[in-house]
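Asks: Would you mind keeping the following structure in view while I ask a few things?
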Amino acid sequence: MAPLKIGYWDVRGFAEPIRMLLKHLNIEFEETRYGFGNDSEESLPNRDEWLAEKFTLGLEFPNLPYLFDGDFKMTESVAILKRLARANGMIATTEPALSYSEMIEAMIIDIRNRLINVVYAENSGTPEEFEQKLADLRERLETSLGQLEAFFQKHGSQWVAGDKLTYVDFLAYEYLDWYRVFVKSTPIFEKFAKVSDYMKRFEELPSLKEYIARDEHRSASCLSPFARIGHRWAKE
Ligand SMILES: N[C@@H](CCC(=O)N[C@@H](CS)C(=O)NCC(=O)O)C(=O)O
């Protein structure tokens, strides 16, 4: 059978939970990583490489990331992750684990989108105004991490669905890590022992330990150059 194929920008972004899940499962996959034009400080990034293909791939809702699974093609990062999770036993199957994990999935996507909305805003203000927006994000992150800490405390669980690792942990790890990587939130994480242990536990998974430590993941840009921070072409 042909290997799965993932298409996305050449950054971590919304594809990284999918890449990590496939690596964890030791499933072979091919990737098309679209570039942003000339890789230099002076030149503006562009989407040409992707736009040349976007409407030719047979995708019903053309977007990135996409998955080709044989003749089957789809987009939507969380839906892709869930398809792969269902096929490989990486989803909670009993209550209340399923409901808890879906609740945390939605909460994590909200946390991610809060960040995305600030760093991709058309007009994110002066450097001082932007710093204030980041400070607000950190404050809201602290509230969310406090709630996650209490959740782990109450349920005494290793993963968000209990003792079973599920696709939601791949979302949670990646999007919380963005805050640590480029929103200078590490001191906030340090306040929450259980959340910090959770992040560490994920990084220590034998299936992923080597990948997460590798430059391919650790030093890769989290976001595209169109974001104000999170990419090596960041304007500040
Ligand atoms: N809800 C979609 C959002 C996808 C999306 O916004 N993709 C961005 C990168 S993260 C993109 O550049 N898409 C290509 C395009 O809009 O042509 C998902 O989760 O997959």
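The values are calculated or read from the model by the stated rules, or taken from the named source; none is laboratory data. For clarity, every value in this text was computed on a predicted model and none was experimentally measured. Backbone-built Cβ (ideal geometry, glycine too); neighbour counts: all protein chains shown.
Asks: So residue 75 ticks every box in (1) at pLDDT 95 or above; (2) out of contact with any strand residue (DSSP E or B) (no Cβ under 6 Å at 6 or more places or on another chain) but one. Which box is left unticked?
Replies: (2)
Asks: I've got another one for you. Test each condition in (1) loosely packed, with under 12 Cβ neighbours inside 10 Å; (2) more than 16 Å from the ligand (Cβ to nearest atom) for residue 97 and report the one that comes out false.
Replies: Exception for residue 97: condition (1).
Asks: Keeping to segment 212-236, report how many residues are without any contact (Cβ under 8 Å) to a residue 40 or more places away in the chain and not hydrophobic (A, V, I, L, M, F, W, C).
Replies: The total comes to 7.
Asks: For segment 147-156, what are the residues that are crowded, with 17+ Cβ neighbours inside 10 Å and in a loop (DSSP other than H, G, I, E, B)?
Replies: First, pick out the residues of segment 147-156 that are crowded, with 17+ Cβ neighbours inside 10 Å: 148-149, 151-152.
Across segment 147-156, there are no qualifying residues.
Asks: Still on this structure, please answer the following. Tell me whether segment 180-187 contains one or more residues that are over 21 Å from residue 99 (Cα atoms), charged (D, E, K, R) and free of Cβ contacts under 8 Å to residues at least 24 places away in the same chain.
Replies: yes
Asks: In the list 53, 49, 102, which residue meets the criterion of being more than 12 Å from the ligand (Cβ to nearest atom) and at negative phi? Can you show your working first?
Replies: Numbers: 53 fails: more than 12 Å from the ligand (Cβ to nearest atom); 49 fails: more than 12 Å from the ligand (Cβ to nearest atom).
Result: 102 is the single residue among 53, 49, 102 that is more than 12 Å from the ligand (Cβ to nearest atom) and at negative phi.
Asks: Is it fair to say residue 32 is assigned to a strand (DSSP E or B), more than 12 Å from the ligand (Cβ to nearest atom), at pLDDT 95 or above and among the polar types (S, T, N, Q)?
Replies: Taking the combined requirement at face value, the residue satisfies it.
Asks: Give segment 115-136 a look and list any residue that's within 16 Å of the ligand (Cβ to nearest atom) and not in a helix (DSSP H, G or I), or say none.
Replies: Let us first name the residues in segment 115-136 that are within 16 Å of the ligand (Cβ to nearest atom), namely 115-122.
Within segment 115-136, 120, 121, 122 meet the criteria.
Asks: Considering segment 161-174 alone, what residues qualify as being surrounded by 23 or more Cβ atoms within 10 Å (Cβ to Cβ) and either among the aliphatic types (A, V, I, L, M) or within 14 Å of the chain's Cα centre (by Cα) (or both)?
Replies: If we filter segment 161-174 for residues that are surrounded by 23 or more Cβ atoms within 10 Å (Cβ to Cβ), which is where we start, we get 161, 166-172, 174.
Within segment 161-174, 161, 167, 168, 169, 170, 171, 172, 174 qualify.
Asks: Please tell me if residue 89 is surrounded by fewer than 17 Cβ atoms within 10 Å (Cβ to Cβ), within 19 Å of residue 169 (Cα to Cα) and away from the ligand (no atom under 15 Å from the Cβ).
Replies: Answer is yes for this residue.
Asks: Oh, and also: Quick check: anything in segment 215-232 surrounded by fewer than 20 Cβ atoms within 10 Å (Cβ to Cβ), more than 17 Å from the chain's Cα centre (by Cα) and assigned to a helix (DSSP H, G or I)?
Replies: no
Asks: Now, a different point. Just need a number here: residues in segment 58-86 that are within 21 Å of residue 162 (Cα to Cα) and within 13 Å of the ligand (Cβ to nearest atom). Working first, answer last.
Replies: In the first step, residues of segment 58-86 are kept if they are within 21 Å of residue 162 (Cα to Cα); the result is 78, 81-86.
Imposing the further condition that a residue be within 13 Å of the ligand (Cβ to nearest atom) reduces the set to 78, 81-83.
Number satisfying all stated conditions: 4.
Asks: Starting from residues that are β-branched (Val, Ile, Thr) and in a helix (DSSP H, G or I), keep the ones in segment 70-86 and report whichever is surrounded by the fewest Cβ atoms within 10 Å (Cβ to Cβ). Give the steps one after another, and end with the answer.
Replies: From segment 70-86, those β-branched (Val, Ile, Thr) are 75, 78, 80; that's our starting set.
Now narrow it down to the ones that are in a helix (DSSP H, G or I): 78, 80.
Numbers: 78: 17, 80: 23.
Going through the qualifying residues, I end up with 78.
Asks: What's the number of the only condition in (1) away from the ligand (no atom under 11 Å from the Cβ); (2) surrounded by 15 or more Cβ atoms within 10 Å (Cβ to Cβ); (3) in a strand (DSSP E or B) that residue 23 fails to meet?
Replies: Exception for residue 23: condition (3).
Asks: Can you name every residue in segment 160-181 that is closer than 16 Å to residue 218 by Cβ and outside any helix (DSSP H, G or I)?
Replies: none
Asks: Right, next: Of the residues that sit in segment 193-211 and are in contact (Cβ under 8 Å) with a residue 40 or more places away in the chain and buried (at least 20 other Cβ atoms within 10 Å of the Cβ), which one is nearest to residue 138 (Cα to Cα)?
Replies: 195
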